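A short worksheet on the structure shown next.
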Amino acid sequence: MTRYYQGLEIALDQPTSDPPAPPNIDAFPRKRDLLLETTEIRSGLLDIYALRGCHITNLVAGHNNQLGKVAPLSQQWLYELKLWRLLSECRQSEQARKLAKEDRNRLSHLLEFKTRQLPTISYNALVGSDEWRSNFSRASTPLPPDDFSAVDEQLPALHYLTAAVQQQYDPNWQPESATLESHFERLQQRPLSAELLRTLMLATTVLADSNALLKGVTDPSSCPSDEALVLPQPPNWLEPLREQANTWFNAMETLLDAHVAGTPDFVLYRQTWLAPGSATSPLTRYEVALDEHFQLRRHVTRICQPTFP
C-alpha cells in the first residue's frame, strides 16, 4: 500500500514520502470489566436431596467440587444449561407432582431463577473467555494481502456460537462440550479480529493521505503536465478486504446481538471498534475512505485529460 501511495506522488509530481504509521487498536476491556454479575442460590443438602428425583444431585455436586469451581466459563455455561434443562423437564414431569408443596415451590423458584440468569451466564461465557479476549490482542500485525482466507477459517466458530446462544432454550438442541471447546480454540489460534482492525486502520491511513494528494488536483492547471495523466493501479486487495471485513464483523454483530448487551465497557468497545454501522469503527472509516478514493481517481483522471486544438 505504501508503494501505491508513492506511485501516486510520482504521477502527481509530488515529493515522495512515507505515510505515517497508524496507531494500535485500543486494549480490549479487562476480564473484570467484561463480566456481568451473577448471584448464587445457596441451597442446603436437604433441599437438594428433596429434588433428587430431578436427577440434579450429581450434577450440582460435580459443579461444587474443586474442578467445577475452576472450570472455564464455557464449561460453566454448559453446566447451567444442563441444570436448567433438568429442572425444566422435572417441572413438567410426574415427579414434580409427587413432591411436597414446599419442594414444588422450591423447584419452581429455582427454575424461574435459572431461566432469568441463563442469558447472563452465556454472555459471560463468550466475552469473558480467554479465547474470545485473545482474538482482540494488541500484540498483532496487519494481515498480509494474501491471507484473507483466515476469515473463512474462523467464521464457523462465530456461526456455531451464534446458534448455540439462540438455541439454548431449545430442548431439541444438544450442545457438545468438545464441539464448543473446538470452536473457542479456533478463535484462539490467531487474533483475527485485531489483525483485521489493524489492516483496516493501515489501509485507511494510506487512503486518507492518497486522497489528500488527489484533492490537490482541482482544475487542468493543477495537473502535473500536458500529457494524459496515468495513475498507478490501486492494490487489487482493497475490495476483498472490504468484503472479508464485512463478512467477519457482520457475523460478529449477529453473535453479539443474540446476547444481552453486556457491561458499559464492552458496549463502548463494541460501538467504537466492532459495530459495522458505527461511524467510529475502522470498517466504516475504511469504506468511506475507499469510496472517496475511487471517486477522486475518476475526477482527477477526467480533469487531466489532454485537450487538442
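A Cβ distance below 9 Å, combined with a sequence gap of six or more or placement on separate chains, defines the contacts here; from the stretch 224-250, residues that are within 26 Å of His159 (Cβ to Cβ) reach residues that are exposed (fewer than 12 other Cβ atoms within 10 Å of the Cβ) and not acidic (Asp, Glu) in the pairs Gln244/Ser149. Condition test on Ala208, is it assigned by the TED database to the domain that holds His259 and closer than 14 Å to Met1 by Cα? Taking the combined requirement at face value, the residue satisfies it. All of (1) aliphatic (A, V, I, L, M); (2) without any contact (Cβ under 8 Å) to a residue 12 or more places away in the chain; (3) under 30 Å from Leu158 (Cα atoms) hold for Ala212 with one exception: (3). Only one of the numbered conditions (1) surrounded by fewer than 14 Cβ atoms within 10 Å (Cβ to Cβ); (2) touching a Phe, Trp or Tyr at 6+ places or on another chain (Cβ under 6 Å) is violated by Ala279, and that is (2). Just one residue in the set Val217, Val206, Val260, Val300 is surrounded by 16 or more Cβ atoms within 10 Å (Cβ to Cβ), of a type in the set (A, V, I, L, M, F, W, C) and not in a helix (DSSP H, G or I); that residue is Val217.
Would you call Glu287 among the acidic types (Asp, Glu) and open to solvent by less than 60 Å² (accessible area, probe 1.4 Å)? Answer is yes for this residue.
Regarding Tyr169, is this residue under 20 Å from Leu118 (Cα atoms) and under 16 Å from the mean Cα position of the chain (by Cα)? Here the answer is no, as Tyr169 does not meet what is asked. Annotation: Ser88 fulfils all but one of (1) touching a residue at least 60 places away in the same chain (Cβ under 8 Å); (2) out of contact with any Leu (no Cβ under 7 Å at 6 or more places or on another chain); (3) open to solvent by less than 40 Å² (accessible area, probe 1.4 Å); (4) over 25 Å from Asp26 (Cα atoms); the unmet one is (2). With respect to (1) at pLDDT below 90; (2) open to solvent by less than 20 Å² (accessible area, probe 1.4 Å), the lone exception for Lys98 is condition (2).
The values are calculated or read from the model by the stated rules, or taken from the named source; none is laboratory data. This structure is a prediction, so every number in the text was calculated from the model and none was measured. Note that we place each Cβ from the backbone using ideal geometry, even for glycine, and neighbour counts take in every protein chain shown. Calculation scope for accessible area: heavy atoms of the full protein, side chains included, ligands and nucleic acids excluded. Shrake-Rupley method; radii C 1.70, N 1.55, O 1.52, S 1.80 Å.
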